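Worksheet: the structure to be examined is printed underneath.
Where a number appears in this text, it was derived from the coordinates with a stated rule and is not lab data. Quantities reported herein were computed from a predicted structural model and do not represent experimental measurements. FYI the Cβ positions are ideal-geometry reconstructions off the backbone, even for glycines, and counts take in every protein chain you see.
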Amino acid sequence: MARPRRSDDTRQLLVEEGAAGFLANGYHGTGIKQVLDAVGVPKGSFYNYFDSKETFGQAVIDHHSLCIQRNLAATLGPAPDPITGLKAFFGRQMDEFIESEYTGGCLIANLGAELEGSEVLRESLSVAFRIWRDGVAEALREAQELGTVRADIDAVELADLLIESWEGAVIRMKIDRTLEPLHKCLRRLLDDYFRP
């Protein structure tokens with residue numbers, strides 16, 4: 001018997017619901033049935049879209065990575081300079097944290113802490129992180145060329161420092177239910193340490 005025709009829209013809805021579930025409950029705490037029920041897809045249809053929960057997890061990570069890339073491009077493109085664009089990018093994340101009442105955090109960091117046992121998902125997370133880091137590094141490199149960011153440290157190293165510090169600040173934000181750690185992170189790095 002032939003498999004039913006897949007719908008790209010349904011697959012996308014499953015991925016988006018999976019991302020929300022993973023943020024709220026983690027990978028292991030999110031059941032495939034709850035994702036399918038939320039989207040209104042029969043349980044047996046999951047395998048029309050994904051080979052396993054692990055390939056579903058990869059699709060969610062890829063989706064999240066694309067969202068980061070789109071958001072970074074959307075804030076850097078119209079910005080008058082790269083630093084203003086980066087601040088707008090992180091500002092959008094802060095707006096999302098407020099909307100979610102300081103829950104969830106960053107999908108990449110959350111899953112990275114949870115999925116040590118899956119080499120496939122660890123590699124997907126590593127790729128997603130590198131893509132994010134490279135986008136931030138490109139903005140910092142442009143700022144170095146403009147003379148607004150110190151040039152004695154490679155832009156990739158500065159991008160790693162910024163994102164790693166941001167991720168730590170996100171954890172603190174979730175604990176204290178305040179954006180202050182995030183504001184402090186950006187102030188100390190973009191407005192101070194990164195300056196020439």
Give me the number: length gained by fully extending residue 9 to residue 119, i.e. 0.36 nm times residue separation minus the C-alpha to C-alpha distance, one decimal in nm.
36.8 nm
Can you compute the FRET efficiency between residue 101 and residue 52 using 1/(1 + (r/R0)^6), with r the Cβ-Cβ distance and R0 = 45 Å? Round to the nearest 0.05.
0.85
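Quick one: dipole size for region 1-149, taken about the Cα centre, charges +1 on Lys/Arg Cβ and -1 on Asp/Glu Cβ, in debye to the nearest 20. Please report the intermediate quantities before stating the final value.
Values: 14 positive and 21 negative charges, 89 e Å.
The calculated dipole for region 1-149 is roughly 420 debye.
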Could you sort 174-180, 154-160 so that the peptide with the highest average Cβ count within 10 Å comes first and the rest follow in order?
154-160, 174-180
Total Lys pairs in the chain closer than 19 Å by alpha-carbon, pairs eight or more apart in sequence or interchain only?
5
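Report the net charge of residues surrounding residue 113, where surrounding means a beta-carbon distance below 13 angstrom and charges are Lys +1, Arg +1, Asp -1, Glu -1.
Values: positive: 122, 174; negative: 114, 116, 167.
Taking every other residue near residue 113 into account, the sum is -1.
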State the answer as a single residue: which of 94, 50, 67 lies farthest towards the positive end of the charge dipole of the chain, with beta carbon charges of +1 for Lys and Arg and -1 for Asp and Glu, about the Cα centre.
50
Could you calculate the FRET efficiency of residue 126 with residue 73 from 1/(1 + (r/R0)^6), where r is the beta carbon distance between them and R0 is 22 Å, rounded to 0.05?
0.55
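For the chain, what's the relative contact order in percent, using C-alpha pairs closer than 8 Å and at least 6 residues apart?
Values: 184 pairs, mean separation 38.8, N = 196.
This gives 20 percent for the chain.
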Is there a quick way to get the dipole size of region 103-144? I mean about its Cα centre, with the Cβ of Lys and Arg at +1 and of Asp and Glu at -1; what is the value in debye to the nearest 20?
100 debye
Taking every other residue with Cβ under 15 Å from the Cβ of residue 172 and scoring Lys and Arg +1, Asp and Glu -1, one gets +1
Charge sum, other residues only, whose C-beta stays under 15 Å from residue 187's C-beta, Lys/Arg counted +1 and Asp/Glu -1:
+2
